[in-house]
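Comments concern the structure below.
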Amino acid sequence: MTVNLLDFDLEGLTAFCEQLGEKRFRAVQLFRWIHQKGASRFDEMSDLAKSLREKLPSVCSITGLPVLSRQDSADGTIKWLFDVGDGNAVETVFIPEDDRGTLCVSSQAGCAVGCRFCSTGHQGFSRNLTTGEILAQLWHAEHFLRQHLKSSERVVTNVVMMGMGEPLQNYSALVPALRVMLDDHGYGLSRRRVTVSTSGVVPMIDRLAKDCPVALAVSLHAPNDQLRDVLVPINRKYPIAELLDACLRYLPAAPRDFITFEYCMLDGVNDQPEHAAQLLELVRHHGGRGVPCKFNLIPFNPFPDSGLKCSPRPVVQAFARILSEAGIVTTVRKTRGDDIDAACGQLAGDVMDRTQVARRIAAAQPIRFVHPAKE
């Protein structure tokens, strides 16, 4: 079985080339051909020595993921379904905007966290993706889009690890993939333009700050532990106070001077003025100095069996106004790609559930409104 070069960051590719008796600059050449030019065949790599071009196919390959389907939304959003083997598939979404092109990348086949409002979580968990499988999504999308748009410039300007899976539960594969995204010989993305979204895996937030600090988005979704325990079950292991402590520790290394908190608006569950007031108390006073942050309010995208509804637009606007008038930067995420089920929380793919998450969610108690004042 040959080695897939998409599995290597530049340091790993350099070590591989050294095993073949090649110098570092050959690794840089290979790296550029793969990631900057989208090459998949060694005979395309015209500046490599002929002897190396002939040697490489017997020991390695550049192997992307098979595309099972591609769907194009009326708003320009594109969703790919990639085959990752053993009956599993993952989804990747490209969202074009006037000033950027954002790619939403998956890190796992399924997800074991089991957030109540997330379609991926309802499918359960099969396995972690490899570094090569994470990068193959960007590699395919970037070079498909360049051909599709007839562009010689970079099309994907932002990457968000917000697709299927909890990125920080696949840490060993995630970090090399991030390094390739950031490397000037790879995709050359700014740390500010690469975002890892986490449900709150506290020890890995601390490790990411040391190993590869990029923009951090935290899926908060509730202003108190009682409600968050139900919506985001990992809160039972890492409650809100511990999570906010980790956010404060992350900030000195972060490329931005704030943390983004994502908050899915659920009708009658977490969208009342009392919840907004409790959020303000959290972020203003935690740790004695508060947590510099912005809020991204996400209209819930319904899916079968969730048992949840999206907060009405006036309720979302009123919630946002409370936060904004208190001086917290607050945005309401615009729903994109909802006609192809590509919106936030809708990515499902096709996953062999090895963890029985779906059964546990189905057996859980219905979510009821939790009034902050009565906790």
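In this structure, is G12 surrounded by fewer than 19 Cβ atoms within 10 Å (Cβ to Cβ), among the small types (G, A, S) and under 24 Å from V175 (Cα atoms)? So G12 passes the test. Taking the criterion of being out of contact with any strand residue (DSSP E or B) (no Cβ under 8 Å at 6 or more places or on another chain), of a type in the set (D, E, K, R) and surrounded by 17 or more Cβ atoms within 10 Å (Cβ to Cβ), the residues of region 143-197 that qualify are R146, R179, D183. Filtering region 278-295 to residues that are surrounded by fewer than 16 Cβ atoms within 10 Å (Cβ to Cβ) and on the phi < 0 side of the Ramachandran plot leaves E281, R284, H285, R289. For region 68-83, a residue qualifies if it is touching a residue at least 40 places away in the same chain (Cβ under 8 Å), in contact with a Pro (Cβ under 9 Å, 6 or more places away or on another chain) and within 22 Å of N128 (Cβ to Cβ), and exactly one does: F82.
Looking for something of a type in the set (S, T, N, Q), touching a Lys or Arg at 6+ places or on another chain (Cβ under 8 Å) and surrounded by 21 or more Cβ atoms within 10 Å (Cβ to Cβ) - is there at least one such residue anywhere in region 114-128?
Yes: one or more hits.
Quickly run through region 296-337 and pick out the residues that are assigned to a helix (DSSP H, G or I), crowded, with 19+ Cβ neighbours inside 10 Å and of a type in the set (G, A, S). Residue satisfying the conditions is A320 alone.
Being in a helix (DSSP H, G or I) and either touching a residue at least 60 places away in the same chain (Cβ under 8 Å) or not assigned by TED's automatic domain parsing to the domain that holds V196 (or both) is the filter here; which residues of region 264-292 pass it?
Residues of region 264-292 in a helix (DSSP H, G or I): 273-288.
Of everything in region 264-292, those that are in a helix (DSSP H, G or I) and either touching a residue at least 60 places away in the same chain (Cβ under 8 Å) or not assigned by TED's automatic domain parsing to the domain that holds V196 (or both) turn out to be E274, H275, A277, Q278.
What residue, of F261, F295, is in the same structural domain as L138 (by TED's automatic domain parsing) and closer than 22 Å to G114 by Cβ? Spell out how you get there, then give the answer.
Details: F295 fails: closer than 22 Å to G114 by Cβ.
Exactly one residue qualifies, and that residue is F261.
The values are calculated or read from the model by the stated rules, or taken from the named source; none is laboratory data. This one's a predicted model, so the numbers in the text were calculated from it and none came from an experiment. For neighbour counting, all protein chains shown are included, and Cβ atoms are generated from backbone atoms with ideal geometry for every residue, glycine included.
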